[in-house]
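One structure is given here, and the rest of the page talks about it.
The values are calculated or read from the model by the stated rules, or taken from the named source; none is laboratory data. No experiment lies behind these values; they were computed from the predicted model shown. In this analysis, Cβ positions are derived from the backbone assuming ideal geometry, glycine residues included, and neighbour counts consider all displayed protein chains.
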Amino acid sequence: MDYKAKFASEAHTPDALLAGNAHLLVGRTVTVKSGQNLVRGAVVGKDGDSKYLLSLSAASDGSQTPDLIMAEDCDATSGDKTALAYERGDFNANALTLGTGHTVASIREGLRAKGITILPAQAA
């Protein structure tokens, strides 16, 4: 058999989500709830089924409490999907996607208790 290596490359545009100390990042795989189309940097909460969705302050299923930050885009519009999310690290406030009713000030302390530090806005 003739095996040939195949290579591909893509352009990378930094998004400034990470605010330094990359060695402190901790990520894990989560299940994103069906119907969600999340972007990298989205602040997510966990519902009663232990699935993640954009955290909205008015939600009443548990997801109103911010828990993690998405590490990658995830389109789960047609069904549950697994994706990588950060559970620890330093993040740029300006690069986060917040759900309705949340502000950086309203989520900062709760996420800090979990090991996620939101640093002052930097150019994203």
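Just wondering, is there one or more residues in the stretch 81-95 that are within 14 Å of the chain's Cα centre (by Cα), within 20 Å of LEU18 (Cβ to Cβ), among the hydrophobic types (A, V, I, L, M, F, W, C) and assigned to a loop (DSSP other than H, G, I, E, B)? No, because not a single residue in the stretch 81-95 is within 14 Å of the chain's Cα centre (by Cα), within 20 Å of LEU18 (Cβ to Cβ), among the hydrophobic types (A, V, I, L, M, F, W, C) and assigned to a loop (DSSP other than H, G, I, E, B). Picking from residues in the stretch 36-57 that are in contact (Cβ under 8 Å) with a residue 40 or more places away in the chain and aliphatic (A, V, I, L, M), the one that is farthest from ALA71 (Cα to Cα) is LEU56. Here ALA22 clears all of (1) closer than 16 Å to ALA95 by Cα; (2) surrounded by fewer than 12 Cβ atoms within 10 Å (Cβ to Cβ); (3) modelled with pLDDT of 95 or more; (4) aliphatic (A, V, I, L, M) except the condition numbered (3). Anything in the stretch 68-124 that is within 16 Å of VAL26 (Cα to Cα) and among the hydroxyl-bearing types (Ser, Thr, Tyr)? List them, or say none. Correct list: TYR86, THR117. Does LEU68 satisfy the criteria of being among the aliphatic types (A, V, I, L, M), more than 14 Å from the chain's Cα centre (by Cα) and surrounded by 13 or more Cβ atoms within 10 Å (Cβ to Cβ)? Taking the combined requirement at face value, the residue does not satisfy it.
Among the residues of the stretch 1-19 satisfying the criterion of being modelled with pLDDT of 75 or more and either among the polar types (S, T, N, Q) or out of contact with any Phe, Trp or Tyr (no Cβ under 9 Å at 6 or more places or on another chain) (or both), which is surrounded by the most Cβ atoms within 10 Å (Cβ to Cβ)? Among those that are modelled with pLDDT of 75 or more and either among the polar types (S, T, N, Q) or out of contact with any Phe, Trp or Tyr (no Cβ under 9 Å at 6 or more places or on another chain) (or both), it is ALA16.
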